[in-house]
1. Need one number: nm distance between label points at residue 98 and residue 293, each 7 Å from Cα along Cα→Cβ, rounded to one decimal.
2. How many angstrom lie between the Cα centre of segment 231-271 and the Cα centre of segment 320-341?
3. Amide H neighbours of residue 35 under 5 Å, at least 5 residues apart or on other chains, H built in the peptide plane: list them.
4. Of the cross-linked pairs 165/192; 8/295; 208/234; 27/192; 74/130; 132/165, which ones have a Cα-Cα span greater than 20 Å in the structure shown?
5. Just how many % of Cα pairs in the chain lie over 27 Å apart, if you round to the nearest whole percent?
6. So if each residue of separation counts as 0.36 nm, and I subtract the Cα-Cα distance between residue 217 and residue 167, what length gain in nm does that give?
7. Label points 7 Å out from Cα along the Cβ direction at residue 79 and residue 26: separation in nm?
8. Please name which of 169, 298, 253 has its Cα lying farthest along the dipole of the chain towards the positive end, using unit charges on Cβ (Lys, Arg +1; Asp, Glu -1) and the Cα centre as origin.
Amino acid sequence: MLRNKSPKELINISRNLVQPLLPHFHKGQSGKVTVIGGNEDYTGAPFFACHSAALVGADLSHVICERHAAPVIKSYSPDLMIHPYLYDLDNPAIKLAQAEIDQLRKTPLKDVITDGALLNSIIDDLVMPKVKGLLARTDIVVVGPGFGRDPLMMKSLVRIIDEIKQMDLPIILDADSLFLISIYPNIISGYKKAIITPNVVEFDRIAKTLGIDSSISEQNVNTLIEETQTMSKKLGVTVIRKGRQEVIAYQDTYLVNDFSGSSRRVGGQGDTLTGSLATFVNWSYNYLDKVWDTKGDISEGDAQVLACYAACSLVRSSAAKAFAKHGRAMQTTNVHECLPTAFAELFESNQKANI
Ligand SMILES: NC(=O)C1=CN([C@@H]2O[C@H](COP(=O)(O)OP(=O)(O)OC[C@H]3O[C@@H](n4cnc5c(N)ncnc54)[C@H](O)[C@@H]3O)[C@@H](O)[C@H]2O)[C@@H](O)CC1
Ligand SMILES: Nc1ncnc2c1ncn2[C@@H]1O[C@H](COP(=O)(O)OP(=O)(O)OP(=O)(O)O)[C@@H](O)[C@H]1O
């Protein structure tokens, strides 16, 4: 159904996925999103992901982060719910001797995350009970923005992703969780409800692990599509390959998004994308579940790819607007300011989208 459609036609079809605001809906029905990320170095990334999910339309937006990052992220906005449930090796509450911590830092990350005995009792006692409680009240999860690569955090991430798969929740993986996939692809392989959003460098790293021949400077769109499809098939997940053109692929189905976006490559725009994706992808599940009187005839196979296309279009349109207004001074916060207008123009104006 999506093949050979123009951008305008794709946006018009994707309007059917936008969940309407109906008087009988209760709090939470338009989306309960949890972002897992944020450490002492990076607090903006999980904020941007969570905030964009809320701006696009999720009712309840949470962040689960490392304990010290929580007060900082909380200070950015009272609209978001921030949970300090994660621990890194520097946290005295884990009660490990310094020699054990030093040894863990020297051990290759892959060995730490695949060793069944290592760190699991800390994670079982301190991390999982609270994380599981929140996941039980979540529709879709974003993992990775500002997560860092501390061994205890990474091992916790593996356990959390296993739990998310067991609960059969959709999951979007970005940033440090893509680094995890590059060293341990089994963590996600074959999980159909996963979407990965690699930038150029992250794609290259995962491609190398999977034995896919790809080039960081590749610009030919047919090659980009072919490589992205190969990654999707090898991992069995949806791949959104970011860059000058965004290639979205699930197995043989693919779409290319070449909305112009902004000329500024400021950090955080990928985080804005993951949050927007969370809300759109969750709506696509609600569409298939007929949570409202749905229109159109979008198949299960197309719904997720189309939701990805809609979110990518939204973020690129917002970035274009922010750049037109702020030029070289444009920051990711400016992209967020433009999300509501771009959303209204693409998905809500009475005229069909004018692209
Ligand atoms: N405000 C914040 O808190 C932000 C935090 N961030 C977090 O920062 C952490 C590290 O993220 P990085 O993206 O730096 O990851 P990496 O540490 O994997 O570094 C990637 C490197 O690749 C380079 N690169 C990116 N695109 C490229 C291209 N097309 N060609 C060649 N080189 C390219 C970048 O300059 C960067 O130095 C993550 O946890 C991430 O989520 C980022 O999301 C940015 C915003
Ligand atoms: N050359 C480009 N032209 C237009 N848009 C681009 C270009 N490169 C990236 N983008 C867009 O910018 C957004 C962020 O992509 P980017 O590659 O910066 O991700 P990232 O490195 O993961 O971001 P973050 O800084 O949040 O970690 C995406 O919507 C992407 O499609």
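Values in this text are rule-based calculations from the coordinates and carry no lab data. Source: prediction; values computed, not measured. In this analysis, Cβ positions are derived from the backbone assuming ideal geometry, glycine residues included, and neighbour counts consider all displayed protein chains.
1. Going by the 7 Å Cα→Cβ label model, 7.0 nm.
2. 20
3. 62, 63, 64, 142
4. 27/192
5. So the pairs more than 27 Å apart make up 44 percent of the total in the chain.
6. 14.1 nm
7. Between residue 79 and residue 26, the simple spin-label model gives 2.4 nm.
8. So the residue furthest toward the plus end is 298.
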